[in-house]
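Enquirer: Below: one structure in structure tokens.
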Amino acid sequence: MMHLIKIIGYVVAGIVLGASLGNWGLVASTRAQQTDGTKPASIKRVRESGRDPFRRYEPRRASAKKVELKVLIPSIQERIAQYKAQKVAAMKARMVAPKPTTALLLSEIEIVGISRTPRGYAAIVEATPIKLSYVIYPGERFYDGQLVAIEDNRLVFRREIVLSNGRRDRLVEIKPLRQPSTLNLMSAANPVPTRPQVADSEKTSEQPAAVAKPE
């Protein structure tokens, strides 16, 4: 009987020992999995070029560049008509009407003179297409630009070029005073002499004496 009890004790002890070893192995494997999860293996991504590797290589064709063209500028008659329409619309809306210079191009004006006024420097320009003169100040707007500054003998403009894609290029343009023509210089250098007026006394002295008629 005692021998049977010892055998049963050994069996129970073996079962307990085996269960403890199994639990320890399970814990160890779980820790190993957690450790492996904290350090994932790096995966290299291969980008596919989308080209057949067995097809002959062909270089890409250069795409044609879009040509940016200047927007056509209306004629002087069309611009004057637009200015009149804008003026009428501004008067109806009780707003400040645009100035006539807004219908002129920078290439259509000539600088006649520069003077100083209570408002500062002013310039007198002549519109060559319509032969009219205007007095302008810095900030004056034109169809394709704006007056920036007035100096002693020239005007500084900011010119705008509108392209077909809506982009605007801004350039600095300087216009000097208009030089007098050769005919004006010659007339100023050689004034036409005027005939001096002769005094009445000299006229009477130069006249011959009257001849007495015989009786």
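Enquirer: Take peptides 115-122, 77-84, 154-161 and line them up by average Cβ neighbours within 10 Å, highest first, as a rough protection proxy.
Expert: 154-161, 77-84, 115-122
Enquirer: Take peptides 103-113, 143-153, 163-173 and line them up by average Cβ neighbours within 10 Å, highest first, as a rough protection proxy.
Expert: With the highest mean Cβ count within 10 Å placed first, the list reads 103-113, 143-153, 163-173.
Enquirer: On to the next question. Does anything in segment 109-127 have its amide N under 20 Å from the 7 Å Cα→Cβ label point of residue 171, and if so which residues?
Expert: Counting backbone N atoms under 20 Å from the label point, the list is 109-111.
Enquirer: While we're here: Once you keep just the Cα pairs under 8 angstrom separated by 6 or more residues, what percentage relative contact order results for segment 76-179?
Expert: So the answer I get is 20 percent.
Enquirer: In segment 76-179, how many lysine pairs have Cα atoms under 24 Å apart, counting only pairs 8 or more places apart or on different chains?
Expert: Lysine pairs meeting the criterion: 8.
Just so you know, all these numbers are worked out from the coordinates, no wet-lab data involved. This structure is a prediction, so every number in the text was calculated from the model and none was measured. We place every Cβ from the backbone using ideal geometry, glycine too, and count neighbours over all the protein chains shown.
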